[in-house]
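The values are calculated or read from the model by the stated rules, or taken from the named source; none is laboratory data. Being a predicted model, the structure only gives us computed values, none of them experimental. Cβ placement follows ideal geometry from the backbone for every residue including glycine, while neighbour counts extend to all protein chains displayed. Keep in mind that these areas ignore ligands, DNA and RNA; they rest on the heavy atoms of the full protein, side chains included. Shrake-Rupley method; radii C 1.70, N 1.55, O 1.52, S 1.80 Å.
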Amino acid sequence: MRASISTPFVDTRAADLVWTLDHPLVDALAVRTVEVPGARVELRVLGASHQVVVRPESDGGALVETVACLPGLPGGLPDSADRPLRGVGDYRFDSLVESLSRDALARRVDRLHREVADSPGGLLVAFPGDPLSVTALHLAPDSVGDLHWRTWHAYPQSGELVTTTAHVTP
């Protein structure tokens, strides 16, 4: 799903992003809900940030992954993190921040448009002002019930592309 919005993005650079699993839901600019065996997953784009919400069919709990600029919290994403989550399963998070030339960033954003926007588990939001200002999320469940998703946050003003990968094993 591809969404164009009129709201400018809020985040300004990768170093300002924070990762958390306990932040409340934030009003989203775009949402895509995907039903997978055993869970309902919401892909939520915020102001150049994201939340992924996993709600298992069992009443055991929920996962709310937030990667965003959060007032009062120092920026900086972990390279990786592992957490057991009651009622959800084992969760792993990885992040990578790349510094790219404008041409390299344009190629990557073009690939995201092709691969994510039309996927049944994809959500891509283009922000006004620069065609390279995008946030994309892609959910790829597998046949054994594991969930995998990737997200991309493009910051053309600083030439950065933030890629996160998450994996949940029930």
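If you roll a 1.4 Å probe over the heavy atoms of the protein chains, what accessible area per residue do you get for the chain, in Å²?
48 Å²
Taking 7 Å steps out from each Cα toward its Cβ at Arg83 and Thr163 produces label points 2.4 nm apart.
For Glu35 and Ser119, the FRET efficiency from 1/(1 + (r/R0)^6), where r spans their Cβ atoms and R0 equals 22 Å, is about 0.90. Here, region 73-170 has an Rg and a Dmax of 14.8, 44 Å when only alpha carbons are counted.
Of the labelled figures (1) 57; (2) 48; (3) 61, only one reflects percent of Cα pairs over 20 Å apart as derived from the coordinates, namely (2). If R0 equals 30 Å, the separation of the Cβ atoms of Arg92 and Asp130 corresponds to a calculated FRET efficiency of about 0.40.
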